[in-house]
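S.K.: One structure follows; several queries about it will come next.
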Amino acid sequence: ERIMKAQALRDTSTMGYMQAKKHFEINADHPIVEALRVKADADKNDKAVKDLVWLLYETSLMASGFSLEEPTIHASRIHRMIMLGLGVDEVAEDVAATAASSDLPPLDGDEDDTSRMEEVD
């Protein structure tokens with residue numbers, strides 16, 4: 001499947017025939033699945049539970065050798081889970097990043113960068 005997607009002159013009409021069938025088997029007795037079931041039963045609209053289920057699915061795809069359709073969405077889910085695990089609020093993170101960037105002193109010789117570039121040319 002990865003080889004076919006990488007082909008420069010691939011025919012998109014035959015991609016449906018070339019894609020592997022994906023089967024996702026769930027062990028209902030696994031502690032992760034049991035914990036997710038309890039959390040989902042407690043709150044059907046919990047975004048963290050939905051993200052965890054999607055992360056479980058996407059990581060199993062990657063572990064099986066498949067590629068993700070949208071890796072940036074996968075990365076954003078991971079970042080949200082890390083922030084949730086660390087107790088970092090998204091708004092607080094944005095404020096801290098803005099404050100950190102404004103607290104930085106100017107770089108030495110920052111105004112001379114343009115002249116240095118002209119000398120190189």
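The values are calculated or read from the model by the stated rules, or taken from the named source; none is laboratory data. Predicted model only: the values in this text are computed from it and were never measured. As a convention, Cβ positions derive from the backbone with ideal geometry for all residues, glycine included, and neighbour counts pool all protein chains shown. For accessibility, only protein heavy atoms count, side chains too; no ligands or nucleic acids. Shrake-Rupley method; radii C 1.70, N 1.55, O 1.52, S 1.80 Å.
S.K.: Would a scan of the stretch 73-92 turn up a residue that is within 22 Å of residue 22 (Cα to Cα), hydroxyl-bearing (Ser, Thr, Tyr) and open to solvent by less than 60 Å² (accessible area, probe 1.4 Å)?
M.R.: No, because not a single residue in the stretch 73-92 is within 22 Å of residue 22 (Cα to Cα), hydroxyl-bearing (Ser, Thr, Tyr) and open to solvent by less than 60 Å² (accessible area, probe 1.4 Å).
S.K.: Go through the stretch 33-47 residue by residue and tally those that are exposed (fewer than 12 other Cβ atoms within 10 Å of the Cβ) and under 24 Å from residue 68 (Cα atoms).
M.R.: Within the stretch 33-47, residues that are exposed (fewer than 12 other Cβ atoms within 10 Å of the Cβ) and under 24 Å from residue 68 (Cα atoms) number 1.
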